[in-house]
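These notes concern the structure reproduced below.
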Amino acid sequence: SSILFEASFVNKPVFLFATDLEDYLLNEYDLLIGYHELPFPVAESNEELERNILGFQGEEYEERVTAFLEHYGVHEDGHASERAAQFIVDTFFSV
């Protein structure tokens with residue numbers, strides 16, 4: 001799901017909680033990006049999730065997310081829908 005990236009675009013912390021991570025990686029689908037390559041803290045237990053939340057370092061997190069997004073060429077500025085709408089208007093409704 002891309003929902004975790006949407007939160008990161010607006011500078012919201014993302015914490016991944018996957019108690020079945022190893023089973024999922026071994027028996028389910030291939031991932032386009034390795035789970036441990038994501039810039040988000042990963043927890044496989046309640047205790048680990050608690051540690052990730054309580055030990056959250058905002059500045060370090062933002063650096064990881066920024067580097068990740070730059071690596072994949074993501075340059076979200078919050079105006080993509082405006083540009084898409086303007087392209088449609090310019091392309092199909094300009095005389």
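The values are calculated or read from the model by the stated rules, or taken from the named source; none is laboratory data. Everything numeric here is computed off the predicted structure, so don't read it as measured data. Methodologically, a virtual Cβ is constructed for each residue, glycine included, from the backbone with ideal geometry; neighbour enumeration extends over all protein chains shown. Please note that ligands, DNA and RNA were not included when accessible areas were found on the heavy atoms of the full protein model with its side chains. Shrake-Rupley method; radii C 1.70, N 1.55, O 1.52, S 1.80 Å.
For region 1-18, name all the residues that are over 8 Å from the mean Cα position of the chain (by Cα), under 20 Å from GLU63 (Cα atoms) and either open to solvent by less than 100 Å² (accessible area, probe 1.4 Å) or touching a residue at least 24 places away in the same chain (Cβ under 8 Å) (or both). Break it down into steps so the answer makes sense when it comes.
Our first condition is that a residue be over 8 Å from the mean Cα position of the chain (by Cα); within region 1-18, this holds for 1, 10-13, 15-18.
After this cut, where a residue has to be under 20 Å from GLU63 (Cα atoms) as well, the list is 10-13, 15-16.
Within region 1-18, VAL10, ASN11, PRO13, PHE15, LEU16 meet the criteria.
Which residue out of PHE40, PHE87, PHE92 is among the aromatic types (Phe, Trp, Tyr) and touching a residue at least 24 places away in the same chain (Cβ under 8 Å)?
The match here is PHE40.
When only residues in region 1-60 that are of a type in the set (Phe, Trp, Tyr) and farther than 19 Å from VAL74 by Cα count, which is modelled with the lowest pLDDT?
Let us first name the residues in region 1-60 that are of a type in the set (Phe, Trp, Tyr), namely 5, 9, 15, 17, 24, 29, 35, 40, 56.
Imposing the further condition that a residue be farther than 19 Å from VAL74 by Cα reduces the set to 15, 17, 24, 29, 56.
On the way: PHE15: 95, PHE17: 93, TYR24: 79, TYR29: 71, PHE56: 97.
For region 1-60, the residue satisfying everything is TYR29.
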